[in-house]
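Student: Sharing a structure below in structure tokens format, with a few things to ask.
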Amino acid sequence: MPSARSFSRHPLPSYFLLLLPLLYSLCLADHLPRTFHTLSDTHLKQITQLSPPQWTSVTSGHLEHLLIPRPSGSENNTLVQQYISSAFSSLGWHEDQTPFTDDTPIGPIKFNNLIYTFDPLAPRKLVLAAHFDSKYFPTYPENQFVGATDSAAPCAFLLDLAEALTPLLKERQRRVTSGQALLLDGLDEEEEAETTLQIIFFDGEEAVKDWTDTDSIYGARHLAETWETTFLPPSHPLSKRRYSPTPTILNTIDVLILLDLLGDSNPRIHSYYRDTDWLFTQMSDVDKRLRQEGLIDVEKGEEGWFVDFKMRKGMIGDDHAPFLERGVSILHVISNPFPKVWHNLADDASALSLPAMRRWNRILRVFTAEYLSLIPTTNTPSQRNDHGPYSRSADELVRYSSI
Ligand SMILES: *[C@@H]1O[C@H](CO)[C@@H](O)[C@H](O)[C@H]1NC(C)=O
Ligand SMILES: [Zn+2]
């Protein structure tokens with residue numbers, strides 16, 4: 001039985017491969033048509049069953065550590081950074097931090113973005129992001145605002161995603177580096193592994209006072225500017241394949257998927273950008289399939305999260321803006337209209353919906369696995385005794401393959 005059902009958005013003739021270097025040099029943005037490998041029903045189920053298990057309450061696990069007032073520059077903000085950092089270091093991901101100070105309406109504040117990359121040497125990245133700061137309010141009781149949907153829950157989804165997919169990423173990396181990369185049904189693992197997963201936690205998304213161009217998205221503006229002026233070394237595959245302009249870190253981003261204002265019931269998600277309409281459709285299709293397969297609990301009237309209406313006018317100001325301006329492809333996954341509790345003390349644990357959060361976890365796991373062509377593989381017996389540091393993941397894979 002084929003392990004992955006695959007289809008191509010743009011069926012390509014085989015001589016296309018010979019044209020790749022040329023196309024690379026011609027394309028300003030590095031958006032090669034991507035084959036999206038749709039998981040088989042069995043693999044779909046296996047991905048949803050990966051560890052960690054489904055959340056049992058809205059404050060179980062990560063949210064307990066994230067749901068505190070955590071405005072930029074505060075001690076609590078640092079505590080949240082330390083929590084996220086330790087979670088990723090135990091997963092073995094590469095960490096970058098970008099500490100910097102910026103002027104705000106209440107004086108200089110220290111900000112710090114956290115960036116995690118599974119394989120820092122991979123030439124391309126799928127990036128998922130959310131902001132971890134909460135909005136600053138000067139006085140009690142508003143200063144106890146914890147921003148559950150804004151954006152503690154999206155940060156928790158990203159932590160869950162990294163935990164669930166790390167064993168699969170490691171297992172694939174092990175196969176690739178040991179010359180055992182799989183060739184399955186139009187899927188070449190060695191090639192697929194050139195696109196890695198990166199997760200960004202932005203600091204300073206919130207305006208300190210009122211939202212303006214200079215009082216908002218402090219972390220995202222800093223990072224987009226830094227990456228736009230950080231050129232890739234001549235040894236980087238993108239440098240070799242292109243002539244001008246000299247590629248920067250921004251050129252290594254396939255797409256930036258920004259999550260914001262999620263975790264409550266019945267969000268409305270739209271597609272905003274033509275070049276990622278197809279990804280919006282893929283995400284919507286993942287949701288539909290999970291519902292059809294009975295792999296997510298859907299409350300009555302909650303079928304229509306993904307709205308089949310293209311939002312082209314105006315733009316929601318958010319962390320994606322400085323990247324969008326610099327030509328990065330964006331998928332903005334944000335509830336529009338905003339949650340009713342937006343920037344209100346009521347945006348706490350009680351605003352979160354457990355079924356909605358479980359549904360997001362599963363959608364994101366499957367969507368990301370399909371984008372990266374990650375499949376829960378069946379290990380052959382000869383491979384089982386040789387997985388070094390990844391024995392836990394290998395055991396899991398073996399277990400899942402028998403479901
Ligand atoms: C920091 O978080 C705790 C909850 O862990 C909260 O009680 C406290 O008020 C927060 N500190 C500030 C300055 O907001
Ligand atoms: Zn906000």
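The values are calculated or read from the model by the stated rules, or taken from the named source; none is laboratory data. As the structure is a prediction and not an experimental result, all values here were calculated from the model. Counting neighbours? That spans all protein chains shown, and the Cβs are built from the backbone with ideal geometry, glycine included.
Student: Out of (1) under 17 Å from the mean Cα position of the chain (by Cα); (2) in contact (Cβ under 8 Å) with a residue 24 or more places away in the chain, what's the single condition that is false for Glu95?
Tutor: Every condition holds for Glu95 apart from (2).
Student: So is Pro141 farther than 19 Å from Leu345 by Cβ and away from ligand 2 (no atom under 16 Å from the Cβ) or not?
Tutor: Answer is no for this residue.
Student: Consider Pro120 carefully, then state whether it is surrounded by fewer than 14 Cβ atoms within 10 Å (Cβ to Cβ) and touching a strand residue (DSSP E or B) at 6+ places or on another chain (Cβ under 6 Å).
Tutor: no
Student: Among what's in segment 60-86 and is within 12 Å of ligand 1 (Cβ to nearest atom) and of a type in the set (Val, Ile, Thr), pick the residue that is surrounded by the most Cβ atoms within 10 Å (Cβ to Cβ).
Tutor: Val80
Student: Does Glu189 satisfy the criteria of being surrounded by 19 or more Cβ atoms within 10 Å (Cβ to Cβ), closer than 28 Å to Lys110 by Cβ and of a type in the set (Asp, Glu)?
Tutor: no
Student: For Leu39, are the conditions met, namely being away from ligand 2 (no atom under 16 Å from the Cβ), at pLDDT 95 or above and not acidic (Asp, Glu)?
Tutor: So Leu39 fails the test.
Student: Go through segment 112-156 and give me each residue that's basic (Lys, Arg) and more than 16 Å from ligand 1 (Cβ to nearest atom).
Tutor: Arg124, Lys125
Student: Sort out which residues of segment 218-246 are crowded, with 21+ Cβ neighbours inside 10 Å and farther than 20 Å from Thr98 by Cβ, and write them in order of number.
Tutor: none
Student: Search segment 283-331 for residues being surrounded by fewer than 12 Cβ atoms within 10 Å (Cβ to Cβ) and assigned to a strand (DSSP E or B), and hand back the single one that is modelled with the lowest pLDDT.
Tutor: Phe309
Student: Of all the residues that make up segment 182-221, how many are touching a strand residue (DSSP E or B) at 6+ places or on another chain (Cβ under 7 Å) and part of a loop (DSSP other than H, G, I, E, B)?
Tutor: 8
Student: Now for a separate question. Applying the selection to segment 144-162, what residues are under 16 Å from the mean Cα position of the chain (by Cα), surrounded by fewer than 24 Cβ atoms within 10 Å (Cβ to Cβ) and within 11 Å of ligand 2 (Cβ to nearest atom)?
Tutor: none
Student: I would also like to ask the following. Among the residues in segment 66-78, are any part of a helix (DSSP H, G or I) and of a type in the set (Asp, Glu)?
Tutor: yes
Student: Kindly indicate which of Pro267, Pro234 is at pLDDT below 95 and away from ligand 1 (no atom under 16 Å from the Cβ).
Tutor: Pro234
Student: Identify, please: which residue in segment 72-127 is within 16 Å of ligand 2 (Cβ to nearest atom) and hydroxyl-bearing (Ser, Thr, Tyr) and is, among those, nearest to Ser151 (Cα to Cα)?
Tutor: In this case the residue turns out to be Ser72.
Student: If you don't mind, another one. Return the residues of segment 260-282 that are buried (at least 17 other Cβ atoms within 10 Å of the Cβ) and part of a loop (DSSP other than H, G, I, E, B); say none if nothing qualifies.
Tutor: Answer for segment 260-282, where residues must be buried (at least 17 other Cβ atoms within 10 Å of the Cβ) and part of a loop (DSSP other than H, G, I, E, B): Leu261, Leu262, Gly263, Asp264, Ser265, Pro267, Tyr272, Tyr273.
Student: Restricting to segment 213-252, name every residue that is of a type in the set (S, T, N, Q) and within 14 Å of Pro322 (Cβ to Cβ).
Tutor: Scanning segment 213-252 gives Thr214, Ser216, Thr226, Thr229, Thr248.
Student: Looking at segment 38-73 only, could you name the residues that are without any contact (Cβ under 8 Å) to a residue 12 or more places away in the chain and either under 30 Å from Pro138 (Cα atoms) or within 18 Å of the chain's Cα centre (by Cα) (or both)?
Tutor: Matches in segment 38-73: Ser60, Glu64.
Student: Taking Pro339 as the residue in question, decide whether it is part of a loop (DSSP other than H, G, I, E, B) and under 19 Å from Ala207 (Cα atoms).
Tutor: Yes; evaluated as a whole, the condition is true for this residue.
Student: Can you tell me which residues in segment 120-154 are in a strand (DSSP E or B) and over 23 Å from Gly92 (Cβ atoms)?
Tutor: Listed by number, the list holds a single entry, His131.
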